[in-house]
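The values are calculated or read from the model by the stated rules, or taken from the named source; none is laboratory data. Being a predicted model, the structure only gives us computed values, none of them experimental. A quick note on method: Cβ atoms are made from the backbone with ideal geometry, for glycine too, and the neighbour counts reach across all protein chains shown. With ligands, DNA and RNA removed, areas are computed over all heavy atoms of the protein, side chains included. Shrake-Rupley method; radii C 1.70, N 1.55, O 1.52, S 1.80 Å.
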Amino acid sequence: MANIARLGVALGLNSAEFVTGIEAASRKLDQFAVAAVGVAKNAVLALGAALSVATYKAISYADEIADVAAANDIAIDSIIKLTNALENSGGKGANAGKMIASFTDFVDKAAKGSFEGQKTFSQLGISLKDIGSLSTQDLLLKTTEAIAGIADPLTRNARAADAFGKAAKGVDMVDFAKGLREGKGATLEQEKAI
């Protein structure tokens, strides 16, 4: 009988410890839940801020592309092709606007009588008539193809620097011309968004 009584006391103590442990675990779980809710709120706020920044950057990028296209009388699709071709040929897509600005400046100087500009175009097989009659987009493609056709890499890079300025630095002009010719431009959805 004494053993049964001792067993009853031991079980009572053990169950009291068990209940105390369960209560402590329950409090810890409640504290964790409160902390998790706080972290989730912060994560949602951070995600919202990140999405806002990404949206702003996307709109800025689209504006920049549209501005470059309008300023140089080139289709938006061609600007996107040029950007992709630059990135895939060792250049920086962010330099697309600089490249086009340098090119249009080079064309303008040649059209206004710059001997060096006219000489470079002549070496590339592009006549003054081409300069005066082709669209900027067609002249850009013809110039790029002509530069890519130069066998000597030093001469090719020098002509690229003449026509496209510093934005052509490090660009593999053969790959660049191929990217312009065959590259993927904007999808219909991208054009609508821009």
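ASP172 fails exactly one of the following numbered conditions: (1) farther than 18 Å from ASP77 by Cα; (2) buried (at least 18 other Cβ atoms within 10 Å of the Cβ); (3) modelled with pLDDT under 90. What is the number of that condition?
All conditions pass for ASP172, except number (3).
Is it true that GLN118 is at pLDDT 80 or above, among the polar types (S, T, N, Q), more than 15 Å from the chain's Cα centre (by Cα) and open to solvent by less than 80 Å² (accessible area, probe 1.4 Å)?
yes
So the check is Cβ under 7 Å with 6+ separation or different chains; which pairs have a first residue in segment 87-108 that's touching a residue at least 24 places away in the same chain (Cβ under 8 Å) and a second one that's among the charged types (D, E, K, R)?
Listed by first residue and then by second, the contacts come to ASN88/ASP175; SER89/ASP172; SER89/ASP175; GLY90/ASP172; GLY97/GLU64; PHE106/ASP162.
Which members of segment 149-167 meet the condition of being aliphatic (A, V, I, L, M), in contact with a helix residue (DSSP H, G or I) (Cβ under 7 Å, 6 or more places away or on another chain) and open to solvent by 20 Å² or more (accessible area, probe 1.4 Å)?
ILE150, ALA161
Filter segment 80-115 for residues that are surrounded by 15 or more Cβ atoms within 10 Å (Cβ to Cβ) and aliphatic (A, V, I, L, M) and give the result.
Hits for segment 80-115 are ILE80, LEU82, ALA85, LEU86, ALA96, MET99, ILE100, ALA101, VAL107, ALA110.
Give the residues of segment 109-157 that are in contact (Cβ under 8 Å) with a residue 60 or more places away in the chain and more than 20 Å from MET173 (Cα to Cα), sorted by residue number.
SER135
Before we move on, is GLY165 at positive phi and not hydrophobic (A, V, I, L, M, F, W, C)?
yes
Among the listed residues SER60, SER15, which satisfies the condition of being of a type in the set (S, T, N, Q), over 22 Å from GLY179 (Cβ atoms), under 17 Å from the mean Cα position of the chain (by Cα) and at pLDDT below 75?
On inspection, the qualifying residue turns out to be SER60.
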